[in-house]
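S.K.: Questions regarding the structure given below will be posed in turn.
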Amino acid sequence: MAAQNDLCDAIVIGAGTQGCFTAYHLAKHRKRGILLEQFFLPHSRGSSHGQSRIIRRAYPEDFYTQMMEECYQIWAQLEHEAGTQLHRQTGLLLLGMKENSELKTIQATLSRQGVEHQCLSAEELKQRFPNVQLARGEVGLLDKSGGVLYADRALRALQDAIRRLGGLVCDGEKVTDIKPGRPVTVRSASRTYRAKSLIITAGPWTNRLLRPLGMELPLQTLRINVCYWREKVPGSYGVSRAFPCFLGLGLSAAPHHIYGLPSGEYPGLMKVCYHHGNDADPEARDCPEACSDIQDIGILSRFVRDRLPDLEPQPAVVERCLYTNTPDEHFILDCHPKYDNIVIGAGFSGEPEQGRMCLKADLSQCQAKWRLLRRLLAGQSLDLSV
């Protein structure tokens, strides 16, 4: 183990999925890296905890669907290295009205990218998923590659791999000061570290670290209710019954998406959540319920009652998760405008889930690619001759 004042190649702040993958790739490229996490691991204070997440290729944007091809490969590689299952293919069923523009765009993207999928009429949906009640005019789109990632298990596998490859994982070390320069100096409550580069993947705490460095990003932190609903007959919405993950688009009763995963995370309980929440201070995540919390759970209760009749319409378990989003809901990956050896990755919530933009040791290539993608997304003209 390196002494705290030894110069390392990179320090990563934040041991969520993005930070862990960054440290993992640094270690695989034989870089001397240190991963700092303010809380003791494992913890449930951020965005990456919990047993399950959805993974999919079904996105409106071509570049996310393209990106997921490599993400699936990286997850398979990590699963092989860890010797434990981290992913289960269940399919992802998208539900929406036939004329829903987002559903049409996703279907077109899957077709262009050659992703195996199936359009399902109302009758076909009733035959395959009889325990889902449809609204009149609703159809389905099945992304056959979609499935469940075992999130907590994956974080443990990443942290074990980092250590096995020679990297350091230091938890319970809240960063108190960052001094830019070459090298950059990072102080925690107990130690001082020095590195050639710094990578900040701190989720809701990103701006707390950036303000002393003279900048602030337009990030919004939301507290999400993660709800689990009891099956009236255990296993009726389970993988053993070939029930997929699902995502409801443009449903009349919900201004934002509703999504769910097959039962199994807790015995006899199915995870069904609302893809929205109320503004939150990450330091006060567990404050008493806000009015919008109650409203969101009410939206879910009505959805479960009307659409998933084999579930009890009141949640059996409610947990909390923090989302960190940008105004355009696309993540940020770039250098600090003044210090080019400080890299910032933020706003990943809701983007290609878990493995989204697995930050690599060659960050300059990722930064250039993502700046190009954001310009394309904004509709800016590009000179590709250089």
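The values are calculated or read from the model by the stated rules, or taken from the named source; none is laboratory data. Predicted model, so just to flag it, every value in this text is computed and none were measured. Because the Cβ atoms are built from the backbone with ideal geometry, glycine has one as well, and the counts that use them run over all protein chains shown. Calculation scope for accessible area: heavy atoms of the full protein, side chains included, ligands and nucleic acids excluded. Shrake-Rupley method; radii C 1.70, N 1.55, O 1.52, S 1.80 Å.
S.K.: Quick check: is even one residue across the stretch 155-174 without any contact (Cβ under 8 Å) to a residue 60 or more places away in the chain, over 30 Å from E265 (Cα atoms), surrounded by fewer than 16 Cβ atoms within 10 Å (Cβ to Cβ) and out of contact with any Gly (no Cβ under 6 Å at 6 or more places or on another chain)?
M.R.: no
S.K.: Select, from Y193, Y150, the only residue that is out of contact with any His (no Cβ under 9 Å at 6 or more places or on another chain) and either buried (at least 19 other Cβ atoms within 10 Å of the Cβ) or small (G, A, S) (or both). Give the steps one after another, and end with the answer.
M.R.: Numbers: Y150 fails: out of contact with any His (no Cβ under 9 Å at 6 or more places or on another chain).
Selected residue: Y193, the only one of Y193, Y150 that is out of contact with any His (no Cβ under 9 Å at 6 or more places or on another chain) and either buried (at least 19 other Cβ atoms within 10 Å of the Cβ) or small (G, A, S) (or both).
S.K.: Within the stretch 100-156, how many residues are among the charged types (D, E, K, R) and either within 24 Å of the chain's Cα centre (by Cα) or outside the structural domain of F246 (by the TED database) (or both)?
M.R.: If we filter the stretch 100-156 for residues that are among the charged types (D, E, K, R), which is where we start, we get 102, 104, 112, 116, 123-124, 126, 128, 136, 138, 143-144, 152-153, 156.
Adding the requirement that they be either within 24 Å of the chain's Cα centre (by Cα) or outside the structural domain of F246 (by the TED database) (or both) leaves 102, 104, 116, 143-144, 152-153, 156.
Number of matching residues: 8.
S.K.: Okay, moving on. Looking at the stretch 63-101 only, could you name the residues that are surrounded by 14 or more Cβ atoms within 10 Å (Cβ to Cβ) and more than 26 Å from A154 (Cα to Cα)?
M.R.: Residues satisfying the conditions are L95, G96, M97, N100.
S.K.: Six or more apart or on different chains, Cβ under 6 Å: which pairs go from a residue in the stretch 300-313 that's surrounded by fewer than 15 Cβ atoms within 10 Å (Cβ to Cβ) and in a helix (DSSP H, G or I) to one that's modelled with pLDDT of 95 or more and of a type in the set (G, A, S)? Could you list them?
M.R.: Listed by first residue and then by second, the contacts come to nothing, as the list is empty.
S.K.: Hey, does the stretch 201-210 have a residue that's open to solvent by less than 20 Å² (accessible area, probe 1.4 Å), of a type in the set (A, V, I, L, M, F, W, C) and part of a strand (DSSP E or B)?
M.R.: No, there is no match, as no residue in the stretch 201-210 is open to solvent by less than 20 Å² (accessible area, probe 1.4 Å), of a type in the set (A, V, I, L, M, F, W, C) and part of a strand (DSSP E or B).
S.K.: Restricting to the stretch 218-249, give me the number of residues that are crowded, with 17+ Cβ neighbours inside 10 Å and outside any strand (DSSP E or B).
M.R.: Count: 7.
S.K.: For the stretch 102-115, how many residues are open to solvent by 60 Å² or more (accessible area, probe 1.4 Å) and either assigned to a strand (DSSP E or B) or in contact with a helix residue (DSSP H, G or I) (Cβ under 8 Å, 6 or more places away or on another chain) (or both)?
M.R.: The qualifying residues number 2.
S.K.: For Q133, state whether it is open to solvent by 50 Å² or more (accessible area, probe 1.4 Å), touching a residue at least 12 places away in the same chain (Cβ under 8 Å) and assigned to a helix (DSSP H, G or I).
M.R.: Details: open to solvent by 50 Å² or more (accessible area, probe 1.4 Å): yes; touching a residue at least 12 places away in the same chain (Cβ under 8 Å): yes; assigned to a helix (DSSP H, G or I): no.
In short, no.
S.K.: So how many residues does the stretch 250-275 have that are closer than 18 Å to G298 by Cβ, among the hydroxyl-bearing types (S, T, Y) and outside any loop (DSSP other than H, G, I, E, B)?
M.R.: 2
S.K.: Separate question: State yes or no: is I13 at pLDDT 90 or above, open to solvent by less than 30 Å² (accessible area, probe 1.4 Å) and not assigned by the TED database to the domain that holds G181?
M.R.: Details: at pLDDT 90 or above: yes; open to solvent by less than 30 Å² (accessible area, probe 1.4 Å): yes; not assigned by the TED database to the domain that holds G181: no.
Spelling it out, it is not the case that I13 is at pLDDT 90 or above, open to solvent by less than 30 Å² (accessible area, probe 1.4 Å) and not assigned by the TED database to the domain that holds G181.
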